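Read the structure below first, then the notes.
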Amino acid sequence: MQLARYLVEAVVLGKQSPNRLVREHPISRSWFYELLARYRRDGPAGLEPRPHRPAACPHQVEQPVVDAILELRAELSAAGLDAGPQTILHHLAGRFAKTPSRVTIWRILQRQGLITAEPHKRPKASFVRFEAQLPNELWQTDATEWLLADSTKVEILNLIDDHSRLCLASVAVRTVKAADAVQTFYSAVEEYGLPARFLSDNAAVFSGRSRRGRVALESELDRLGVQCVHSTPYHPQTCGKVERFHQTLKLFLAKQVRAESIAHLQLQLDTFRTIYNQQRPHRALDGRTPLQAFNARLKASPSAAQPQLDYRIRRDRLDGGGRVTLRYLSRLRHFHVSYKLRGQPVMLLVAGAHVRVLGEDGALLRELTLDASRDYQRSTAPTLVRHQVRQRSAST
(Lines give C-alpha, C1' and ligand atoms only; values in the text may rest on other atoms or scores of the structure.)
Protein backbone atom coordinates (compact mmCIF):
# COMPACT_ATOMS: atom_id res chain seq x y z
CA MET A 1 0.00 0.00 0.00
CA GLN A 2 3.02 2.32 0.48
CA LEU A 3 3.83 1.94 -3.24
CA ALA A 4 0.24 2.76 -4.17
CA ARG A 5 0.27 5.89 -2.02
CA TYR A 6 3.58 7.01 -3.58
CA LEU A 7 2.29 6.53 -7.13
CA VAL A 8 -1.06 8.22 -6.49
CA GLU A 9 0.58 11.26 -4.90
CA ALA A 10 3.09 11.37 -7.78
CA VAL A 11 0.17 11.75 -10.20
CA VAL A 12 -2.05 14.07 -8.13
CA LEU A 13 0.60 16.24 -6.53
CA GLY A 14 3.59 15.80 -8.85
CA LYS A 15 1.59 15.81 -12.11
CA GLN A 16 3.33 12.61 -13.33
CA SER A 17 1.94 10.51 -16.19
CA PRO A 18 -0.15 7.55 -14.92
CA ASN A 19 0.69 5.44 -17.98
CA ARG A 20 4.42 5.88 -17.47
CA LEU A 21 4.20 5.02 -13.78
CA VAL A 22 2.18 1.86 -14.54
CA ARG A 23 4.78 0.73 -17.07
CA GLU A 24 7.65 1.34 -14.68
CA HIS A 25 6.16 -0.22 -11.54
CA PRO A 26 4.55 -3.61 -10.78
CA ILE A 27 0.94 -2.47 -10.45
CA SER A 28 -2.18 -3.23 -12.45
CA ARG A 29 -3.49 -0.42 -14.64
CA SER A 30 -7.13 -0.99 -13.60
CA TRP A 31 -6.23 -1.16 -9.92
CA PHE A 32 -4.13 2.02 -10.17
CA TYR A 33 -6.97 3.99 -11.75
CA GLU A 34 -9.32 2.60 -9.05
CA LEU A 35 -6.96 4.00 -6.39
CA LEU A 36 -6.82 7.38 -8.17
CA ALA A 37 -10.62 7.58 -8.18
CA ARG A 38 -10.82 6.67 -4.47
CA TYR A 39 -8.14 9.27 -3.60
CA ARG A 40 -9.91 12.05 -5.49
CA ARG A 41 -13.22 11.08 -3.80
CA ASP A 42 -12.16 10.34 -0.20
CA GLY A 43 -8.70 11.81 0.08
CA PRO A 44 -5.84 9.85 1.74
CA ALA A 45 -8.40 7.75 3.67
CA GLY A 46 -9.51 6.25 0.37
CA LEU A 47 -6.19 4.40 0.11
CA GLU A 48 -6.63 2.53 3.42
CA PRO A 49 -7.31 -1.25 3.18
CA ARG A 50 -11.01 -2.07 3.05
CA PRO A 51 -12.76 -5.28 4.25
CA HIS A 52 -13.80 -7.76 1.58
CA ARG A 53 -17.08 -8.51 3.32
CA PRO A 54 -20.03 -7.59 1.08
CA ALA A 55 -22.20 -4.69 2.17
CA ALA A 56 -25.33 -6.85 1.98
CA CYS A 57 -26.05 -10.60 2.07
CA PRO A 58 -29.53 -11.50 0.72
CA HIS A 59 -29.47 -15.05 2.13
CA GLN A 60 -28.24 -14.09 5.61
CA VAL A 61 -30.30 -15.56 8.46
CA GLU A 62 -32.40 -12.93 10.19
CA GLN A 63 -31.61 -12.09 13.78
CA PRO A 64 -34.99 -13.29 15.20
CA VAL A 65 -34.29 -16.73 13.70
CA VAL A 66 -30.80 -16.77 15.21
CA ASP A 67 -32.24 -15.82 18.61
CA ALA A 68 -34.82 -18.62 18.34
CA ILE A 69 -32.08 -21.14 17.50
CA LEU A 70 -30.02 -20.15 20.53
CA GLU A 71 -33.10 -20.17 22.77
CA LEU A 72 -34.05 -23.69 21.63
CA ARG A 73 -30.49 -24.86 22.18
CA ALA A 74 -30.58 -23.63 25.77
CA GLU A 75 -34.07 -25.04 26.50
CA LEU A 76 -33.36 -28.50 25.10
CA SER A 77 -30.00 -28.74 26.83
CA ALA A 78 -31.51 -27.70 30.16
CA ALA A 79 -34.19 -30.40 29.80
CA GLY A 80 -31.60 -33.10 29.10
CA LEU A 81 -32.87 -33.67 25.56
CA ASP A 82 -31.02 -33.77 22.26
CA ALA A 83 -30.14 -30.21 21.22
CA GLY A 84 -28.42 -30.87 17.90
CA PRO A 85 -29.09 -28.98 14.64
CA GLN A 86 -31.55 -31.62 13.38
CA THR A 87 -33.67 -31.40 16.54
CA ILE A 88 -33.58 -27.60 16.54
CA LEU A 89 -34.68 -27.59 12.88
CA HIS A 90 -37.61 -29.84 13.81
CA HIS A 91 -38.79 -27.40 16.49
CA LEU A 92 -38.30 -24.36 14.23
CA ALA A 93 -40.68 -25.72 11.58
CA GLY A 94 -43.73 -23.50 11.23
CA ARG A 95 -42.44 -20.67 13.40
CA PHE A 96 -40.89 -18.64 10.58
CA ALA A 97 -41.68 -18.12 6.91
CA LYS A 98 -38.15 -19.16 5.94
CA THR A 99 -36.31 -21.82 7.96
CA PRO A 100 -32.52 -22.28 7.64
CA SER A 101 -31.00 -25.64 6.76
CA ARG A 102 -29.48 -28.05 9.24
CA VAL A 103 -25.94 -27.08 8.15
CA THR A 104 -26.72 -23.36 8.60
CA ILE A 105 -27.98 -24.01 12.13
CA TRP A 106 -24.76 -25.94 12.86
CA ARG A 107 -22.69 -22.96 11.64
CA ILE A 108 -24.67 -20.53 13.82
CA LEU A 109 -24.05 -22.73 16.87
CA GLN A 110 -20.38 -22.99 15.98
CA ARG A 111 -20.00 -19.20 15.71
CA GLN A 112 -21.51 -18.91 19.18
CA GLY A 113 -19.02 -21.42 20.60
CA LEU A 114 -21.72 -24.02 21.32
CA ILE A 115 -20.19 -26.84 19.24
CA THR A 116 -17.55 -29.03 20.86
CA ALA A 117 -15.02 -30.26 18.32
CA GLU A 118 -14.36 -34.02 18.38
CA PRO A 119 -11.48 -34.53 15.91
CA HIS A 120 -10.68 -38.06 17.13
CA LYS A 121 -14.23 -39.37 16.82
CA ARG A 122 -14.52 -42.41 14.60
CA PRO A 123 -16.21 -41.58 11.26
CA LYS A 124 -19.69 -43.03 10.76
CA ALA A 125 -18.67 -44.51 7.41
CA SER A 126 -16.37 -46.95 9.22
CA PHE A 127 -19.22 -48.66 11.10
CA VAL A 128 -21.04 -51.76 9.87
CA ARG A 129 -24.63 -50.79 10.60
CA PHE A 130 -27.52 -53.23 11.03
CA GLU A 131 -31.20 -52.37 11.25
CA ALA A 132 -34.24 -54.63 11.24
CA GLN A 133 -36.46 -54.12 8.20
CA LEU A 134 -39.80 -54.25 10.03
CA PRO A 135 -41.17 -53.28 13.45
CA ASN A 136 -41.26 -56.20 15.89
CA GLU A 137 -38.67 -58.02 13.81
CA LEU A 138 -36.14 -57.66 16.62
CA TRP A 139 -36.37 -56.39 20.19
CA GLN A 140 -33.34 -55.44 22.27
CA THR A 141 -33.19 -55.36 26.06
CA ASP A 142 -30.61 -54.49 28.68
CA ALA A 143 -30.39 -53.14 32.23
CA THR A 144 -28.40 -50.16 33.48
CA GLU A 145 -27.67 -48.77 36.94
CA TRP A 146 -28.83 -45.46 38.44
CA LEU A 147 -28.53 -43.78 41.85
CA LEU A 148 -31.39 -42.38 43.91
CA ALA A 149 -31.12 -39.22 46.01
CA ASP A 150 -29.81 -41.19 49.01
CA SER A 151 -27.16 -42.89 46.81
CA THR A 152 -29.12 -46.14 46.77
CA LYS A 153 -28.22 -48.11 43.66
CA VAL A 154 -31.16 -49.30 41.51
CA GLU A 155 -31.48 -50.76 38.03
CA ILE A 156 -33.48 -49.68 34.99
CA LEU A 157 -34.60 -52.37 32.56
CA ASN A 158 -35.08 -50.99 29.03
CA LEU A 159 -36.68 -52.70 26.04
CA ILE A 160 -36.64 -51.14 22.55
CA ASP A 161 -37.62 -52.07 19.01
CA ASP A 162 -34.60 -52.35 16.69
CA HIS A 163 -36.30 -50.99 13.56
CA SER A 164 -38.12 -47.95 14.97
CA ARG A 165 -36.09 -47.35 18.19
CA LEU A 166 -39.44 -47.29 19.99
CA CYS A 167 -39.06 -47.61 23.76
CA LEU A 168 -41.34 -50.56 24.50
CA ALA A 169 -40.73 -50.50 28.26
CA SER A 170 -38.55 -48.73 30.81
CA VAL A 171 -38.92 -50.11 34.34
CA ALA A 172 -37.11 -49.21 37.55
CA VAL A 173 -36.52 -51.97 40.11
CA ARG A 174 -34.21 -52.52 43.04
CA THR A 175 -32.45 -55.38 41.25
CA VAL A 176 -33.58 -56.94 37.98
CA LYS A 177 -34.73 -60.50 38.64
CA ALA A 178 -35.91 -63.19 36.28
CA ALA A 179 -39.56 -62.47 37.13
CA ASP A 180 -39.05 -58.75 36.34
CA ALA A 181 -37.64 -59.58 32.91
CA VAL A 182 -40.61 -61.82 32.11
CA GLN A 183 -43.17 -59.31 33.36
CA THR A 184 -41.58 -56.45 31.40
CA PHE A 185 -41.61 -58.59 28.25
CA TYR A 186 -45.27 -59.49 28.64
CA SER A 187 -46.30 -55.89 29.33
CA ALA A 188 -44.68 -54.89 26.01
CA VAL A 189 -46.32 -57.83 24.22
CA GLU A 190 -49.73 -56.79 25.50
CA GLU A 191 -49.29 -53.30 23.99
CA TYR A 192 -47.27 -53.95 20.83
CA GLY A 193 -47.60 -57.65 19.96
CA LEU A 194 -45.07 -60.47 19.83
CA PRO A 195 -41.62 -59.96 18.25
CA ALA A 196 -40.00 -62.36 15.82
CA ARG A 197 -36.62 -62.27 17.62
CA PHE A 198 -35.41 -61.15 21.03
CA LEU A 199 -31.84 -59.92 21.61
CA SER A 200 -30.10 -59.52 24.98
CA ASP A 201 -26.69 -59.86 26.55
CA ASN A 202 -25.60 -62.81 28.68
CA ALA A 203 -26.76 -61.51 32.07
CA ALA A 204 -28.12 -64.16 34.43
CA VAL A 205 -31.71 -62.91 34.12
CA PHE A 206 -31.60 -63.23 30.31
CA SER A 207 -29.45 -66.29 29.69
CA GLY A 208 -28.88 -69.60 31.46
CA ARG A 209 -25.99 -70.58 29.19
CA SER A 210 -23.37 -70.19 31.92
CA ARG A 211 -25.36 -72.61 34.11
CA ARG A 212 -26.14 -74.94 31.20
CA GLY A 213 -29.84 -74.37 31.51
CA ARG A 214 -32.69 -72.05 30.52
CA VAL A 215 -33.99 -69.11 32.53
CA ALA A 216 -37.68 -68.19 32.79
CA LEU A 217 -37.52 -65.61 29.98
CA GLU A 218 -35.88 -68.06 27.57
CA SER A 219 -38.51 -70.69 28.36
CA GLU A 220 -41.31 -68.23 27.66
CA LEU A 221 -39.74 -67.14 24.37
CA ASP A 222 -39.37 -70.77 23.28
CA ARG A 223 -42.98 -71.50 24.14
CA LEU A 224 -44.19 -68.46 22.15
CA GLY A 225 -42.07 -69.26 19.10
CA VAL A 226 -39.87 -66.17 19.52
CA GLN A 227 -36.24 -66.72 18.54
CA CYS A 228 -33.95 -65.90 21.47
CA VAL A 229 -30.54 -64.41 20.54
CA HIS A 230 -27.69 -63.44 22.88
CA SER A 231 -24.80 -61.11 22.11
CA THR A 232 -21.17 -62.18 21.99
CA PRO A 233 -19.62 -62.00 25.48
CA TYR A 234 -17.75 -58.74 26.14
CA HIS A 235 -19.09 -57.23 22.90
CA PRO A 236 -21.75 -54.63 23.81
CA GLN A 237 -21.83 -53.34 20.23
CA THR A 238 -24.21 -56.19 19.37
CA CYS A 239 -26.85 -54.51 21.54
CA GLY A 240 -25.69 -51.08 20.42
CA LYS A 241 -29.12 -49.48 20.02
CA VAL A 242 -30.28 -50.18 23.56
CA GLU A 243 -26.83 -49.23 24.88
CA ARG A 244 -27.16 -45.88 23.08
CA PHE A 245 -30.66 -45.53 24.52
CA HIS A 246 -29.16 -45.81 28.03
CA GLN A 247 -27.00 -42.77 27.27
CA THR A 248 -29.95 -40.70 26.03
CA LEU A 249 -32.05 -41.68 29.03
CA LYS A 250 -29.33 -40.86 31.57
CA LEU A 251 -28.72 -37.47 29.95
CA PHE A 252 -32.39 -36.68 30.60
CA LEU A 253 -32.38 -38.04 34.16
CA ALA A 254 -29.25 -36.06 35.03
CA LYS A 255 -31.17 -32.81 34.36
CA GLN A 256 -34.09 -33.80 36.60
CA VAL A 257 -34.46 -33.62 40.36
CA ARG A 258 -32.77 -36.70 41.79
CA ALA A 259 -35.48 -39.30 42.47
CA GLU A 260 -36.26 -40.01 46.14
CA SER A 261 -37.65 -43.50 45.54
CA ILE A 262 -38.19 -46.12 42.86
CA ALA A 263 -41.77 -44.87 42.38
CA HIS A 264 -40.46 -41.33 41.83
CA LEU A 265 -37.90 -42.61 39.35
CA GLN A 266 -40.59 -44.56 37.51
CA LEU A 267 -42.59 -41.34 37.02
CA GLN A 268 -39.51 -39.74 35.44
CA LEU A 269 -39.03 -42.77 33.19
CA ASP A 270 -42.66 -42.64 32.06
CA THR A 271 -42.29 -38.92 31.26
CA PHE A 272 -39.15 -39.51 29.24
CA ARG A 273 -40.71 -42.45 27.40
CA THR A 274 -43.58 -40.22 26.23
CA ILE A 275 -41.19 -37.50 25.05
CA TYR A 276 -38.84 -39.98 23.39
CA ASN A 277 -41.53 -42.00 21.59
CA GLN A 278 -43.93 -39.25 20.55
CA GLN A 279 -42.20 -35.85 20.55
CA ARG A 280 -38.45 -36.15 20.08
CA PRO A 281 -37.30 -36.44 16.43
CA HIS A 282 -34.77 -39.22 15.92
CA ARG A 283 -31.80 -38.53 13.65
CA ALA A 284 -31.53 -42.19 12.62
CA LEU A 285 -35.18 -42.07 11.48
CA ASP A 286 -34.88 -39.02 9.18
CA GLY A 287 -36.44 -36.75 11.77
CA ARG A 288 -39.45 -38.96 12.52
CA THR A 289 -40.41 -39.97 16.03
CA PRO A 290 -40.04 -43.65 17.00
CA LEU A 291 -43.83 -44.04 17.22
CA GLN A 292 -44.25 -42.71 13.68
CA ALA A 293 -41.62 -45.15 12.41
CA PHE A 294 -43.22 -48.04 14.32
CA ASN A 295 -46.67 -47.38 12.84
CA ALA A 296 -45.40 -46.74 9.30
CA ARG A 297 -44.99 -50.42 8.34
CA LEU A 298 -46.56 -53.80 8.86
CA LYS A 299 -45.37 -55.65 11.95
CA ALA A 300 -43.26 -58.78 11.91
CA SER A 301 -44.36 -61.80 13.95
CA PRO A 302 -42.86 -65.09 15.17
CA SER A 303 -42.12 -67.55 12.36
CA ALA A 304 -44.26 -70.21 14.02
CA ALA A 305 -47.87 -69.08 13.89
CA GLN A 306 -49.23 -68.82 17.42
CA PRO A 307 -52.91 -68.97 18.40
CA GLN A 308 -54.45 -65.75 19.65
CA LEU A 309 -54.41 -66.18 23.42
CA ASP A 310 -55.25 -63.97 26.35
CA TYR A 311 -51.90 -63.17 27.97
CA ARG A 312 -51.97 -62.08 31.60
CA ILE A 313 -49.46 -61.58 34.39
CA ARG A 314 -50.53 -61.75 38.01
CA ARG A 315 -48.60 -61.32 41.21
CA ASP A 316 -50.09 -63.20 44.13
CA ARG A 317 -49.16 -64.97 47.37
CA LEU A 318 -49.69 -68.60 48.26
CA ASP A 319 -52.30 -69.05 50.97
CA GLY A 320 -51.86 -71.03 54.15
CA GLY A 321 -52.34 -74.27 52.27
CA GLY A 322 -49.87 -73.44 49.50
CA ARG A 323 -52.66 -72.78 47.00
CA VAL A 324 -53.44 -69.92 44.61
CA THR A 325 -56.69 -68.76 42.99
CA LEU A 326 -57.11 -67.57 39.40
CA ARG A 327 -60.15 -66.45 37.41
CA TYR A 328 -60.63 -68.34 34.14
CA LEU A 329 -63.72 -68.24 31.90
CA SER A 330 -65.54 -66.07 34.47
CA ARG A 331 -65.05 -68.61 37.27
CA LEU A 332 -62.50 -68.87 40.06
CA ARG A 333 -60.07 -71.78 39.68
CA HIS A 334 -58.08 -73.06 42.66
CA PHE A 335 -54.95 -75.17 42.43
CA HIS A 336 -52.17 -76.31 44.72
CA VAL A 337 -48.53 -75.21 44.29
CA SER A 338 -46.54 -76.14 47.39
CA TYR A 339 -47.43 -76.41 51.07
CA LYS A 340 -43.79 -75.86 52.04
CA LEU A 341 -43.73 -72.47 50.24
CA ARG A 342 -47.01 -71.23 51.75
CA GLY A 343 -47.20 -67.48 52.26
CA GLN A 344 -44.48 -66.73 49.70
CA PRO A 345 -45.10 -64.32 46.78
CA VAL A 346 -45.39 -65.83 43.30
CA MET A 347 -46.00 -64.64 39.76
CA LEU A 348 -48.53 -66.29 37.44
CA LEU A 349 -47.99 -66.27 33.68
CA VAL A 350 -51.31 -67.01 32.00
CA ALA A 351 -51.66 -67.77 28.28
CA GLY A 352 -55.23 -68.89 27.75
CA ALA A 353 -55.65 -72.07 29.79
CA HIS A 354 -51.89 -72.55 30.21
CA VAL A 355 -50.57 -71.33 33.58
CA ARG A 356 -46.99 -71.15 34.84
CA VAL A 357 -46.24 -70.26 38.46
CA LEU A 358 -42.82 -68.69 39.14
CA GLY A 359 -41.09 -67.85 42.40
CA GLU A 360 -39.41 -64.51 43.13
CA ASP A 361 -36.14 -65.82 41.69
CA GLY A 362 -37.85 -66.92 38.48
CA ALA A 363 -37.81 -70.64 39.32
CA LEU A 364 -40.72 -72.66 37.93
CA LEU A 365 -42.93 -73.87 40.79
CA ARG A 366 -45.83 -75.36 38.84
CA GLU A 367 -47.04 -75.55 35.26
CA LEU A 368 -50.51 -76.74 34.31
CA THR A 369 -53.34 -76.46 31.81
CA LEU A 370 -56.61 -75.45 33.45
CA ASP A 371 -59.51 -77.86 33.16
CA ALA A 372 -62.54 -75.74 32.32
CA SER A 373 -64.88 -78.34 33.87
CA ARG A 374 -63.25 -78.16 37.33
CA ASP A 375 -63.09 -75.30 39.84
CA TYR A 376 -60.49 -77.15 41.93
CA GLN A 377 -57.68 -78.32 39.67
CA ARG A 378 -55.77 -81.52 40.22
CA SER A 379 -53.08 -80.97 42.82
CA THR A 380 -50.52 -83.44 41.46
CA ALA A 381 -47.38 -81.46 40.60
CA PRO A 382 -44.91 -82.69 37.98
CA THR A 383 -41.94 -84.65 39.28
CA LEU A 384 -39.53 -81.94 38.13
CA VAL A 385 -41.41 -79.26 40.02
CA ARG A 386 -41.59 -81.37 43.20
CA HIS A 387 -37.83 -81.88 42.94
CA GLN A 388 -37.28 -78.08 42.56
CA VAL A 389 -39.49 -77.37 45.56
CA ARG A 390 -37.59 -79.96 47.63
CA GLN A 391 -34.27 -78.33 46.68
CA ARG A 392 -35.57 -74.83 47.57
CA SER A 393 -36.82 -76.05 50.93
CA ALA A 394 -33.51 -77.74 51.70
CA SER A 395 -31.55 -74.59 50.85
CA THR A 396 -33.68 -72.45 53.20
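The values are calculated or read from the model by the stated rules, or taken from the named source; none is laboratory data. In this text, all values refer to a predicted model and were calculated from it rather than measured experimentally. FYI the Cβ positions are ideal-geometry reconstructions off the backbone, even for glycines, and counts take in every protein chain you see.
Looking at Val189, is it touching a residue at least 40 places away in the same chain (Cβ under 8 Å) and within 27 Å of Gly287 (Cα to Cα)? First the steps, then the outcome.
Working: touching a residue at least 40 places away in the same chain (Cβ under 8 Å): yes; within 27 Å of Gly287 (Cα to Cα): yes.
So Val189 passes the test.
Just to verify a result, which residue in the range 343-358, among those that are in a loop (DSSP other than H, G, I, E, B) and modelled with pLDDT of 90 or more, is nearest to Thr175 (Cα to Cα)?
From the range 343-358, those in a loop (DSSP other than H, G, I, E, B) are 343-344, 352-353; that's our starting set.
Keeping just the survivors that are modelled with pLDDT of 90 or more gives 343-344.
Numbers: Gly343: 22, Gln344: 19 Å.
Among those that are in a loop (DSSP other than H, G, I, E, B) and modelled with pLDDT of 90 or more, it is Gln344.
When the range 307-363 is examined, which residues are found to be touching a residue at least 60 places away in the same chain (Cβ under 8 Å) and among the aromatic types (Phe, Trp, Tyr)?
Matches in the range 307-363: Tyr311 only.
List the helices (runs of 4 or more DSSP H) that sit entirely inside the range 1-105 and contain at least 1 residues that are among the acidic types (Asp, Glu).
Values: elements: 2-12, 18-24, 29-42, 63-78, 85-92.
Because the criterion is at least 1 residues that are among the acidic types (Asp, Glu), the helices (runs of 4 or more DSSP H) in the range 1-105 that meet it are 2-12, 18-24, 29-42, 63-78.
Tally up the residues in the range 293-325 that are at pLDDT below 90 and not in a loop (DSSP other than H, G, I, E, B), please.
So the answer is 5.
Taking the residues in the range 144-194 that are of a type in the set (S, T, N, Q) and in contact with a strand residue (DSSP E or B) (Cβ under 8 Å, 6 or more places away or on another chain) as candidates, determine which candidate is farthest from Leu298 (Cα to Cα). If you could, list the steps in order and put the result at the bottom.
Initial filter on the range 144-194 (of a type in the set (S, T, N, Q)): 144, 151-152, 158, 164, 170, 175, 183-184, 187.
After this cut, where a residue has to be in contact with a strand residue (DSSP E or B) (Cβ under 8 Å, 6 or more places away or on another chain) as well, the list is 144, 158, 170, 175, 183-184, 187.
Working: Thr144: 31, Asn158: 23, Ser170: 24, Thr175: 35, Gln183: 25, Thr184: 23, Ser187: 21 Å.
Applying the filter and picking the extreme gives Thr175.
Residue under question is Gln110, and the condition is that it be free of Cβ contacts under 8 Å to residues at least 12 places away in the same chain and outside the structural domain of Leu285 (by TED's automatic domain parsing); does it hold? Break it down stepwise before answering.
On the way: free of Cβ contacts under 8 Å to residues at least 12 places away in the same chain: yes; outside the structural domain of Leu285 (by TED's automatic domain parsing): yes.
Yes: the conditions hold for Gln110.
Would you please name the residue that is surrounded by the most Cβ atoms within 10 Å (Cβ to Cβ), looking only at residues in the range 355-380 that are over 44 Å from the mean Cα position of the chain (by Cα) and closer than 21 Å to Gly343 by Cβ?
Going through the qualifying residues, I end up with Gln377.
Check the range 13-23 and report whether any residue there is surrounded by fewer than 18 Cβ atoms within 10 Å (Cβ to Cβ), under 30 Å from Ala284 (Cβ atoms) and among the hydrophobic types (A, V, I, L, M, F, W, C).
no
Could you list, in sequence order, all residues of the range 128-176 that are among the basic types (Lys, Arg) and touching a Lys or Arg at 6+ places or on another chain (Cβ under 8 Å)? It would help to see each step written out before you state the result.
Step one: filter the range 128-176 for residues among the basic types (Lys, Arg), giving 129, 153, 165, 174.
Answer for the range 128-176, where residues must be among the basic types (Lys, Arg) and touching a Lys or Arg at 6+ places or on another chain (Cβ under 8 Å): just Arg165.
Just to be sure I understand, how many residues within the range 193-227 are surrounded by fewer than 18 Cβ atoms within 10 Å (Cβ to Cβ) and in a strand (DSSP E or B)? Walk me through how you get there before you give the answer.
Of the residues in the range 193-227, the ones surrounded by fewer than 18 Cβ atoms within 10 Å (Cβ to Cβ) are 193, 202-204, 209-214, 222-223, 225, 227.
Next, from what is left, pick out any that are in a strand (DSSP E or B): 227.
Of the residues in the range 193-227, 1 are surrounded by fewer than 18 Cβ atoms within 10 Å (Cβ to Cβ) and in a strand (DSSP E or B).
Run down Ala97, Ala83, Ala56 and say which single residue is surrounded by 12 or more Cβ atoms within 10 Å (Cβ to Cβ), hydrophobic (A, V, I, L, M, F, W, C) and without any contact (Cβ under 8 Å) to a residue 12 or more places away in the chain.
Numbers: Ala97 fails: surrounded by 12 or more Cβ atoms within 10 Å (Cβ to Cβ); Ala56 fails: surrounded by 12 or more Cβ atoms within 10 Å (Cβ to Cβ).
On inspection, the qualifying residue turns out to be Ala83.
For the range 271-291, which residues satisfy the criterion of being free of Cβ contacts under 8 Å to residues at least 24 places away in the same chain and assigned to a helix (DSSP H, G or I)?
Filtering the range 271-291 for residues free of Cβ contacts under 8 Å to residues at least 24 places away in the same chain gives 271, 274, 278-279, 286, 288-289.
Of everything in the range 271-291, those that are free of Cβ contacts under 8 Å to residues at least 24 places away in the same chain and assigned to a helix (DSSP H, G or I) turn out to be Thr271, Thr274, Gln278.
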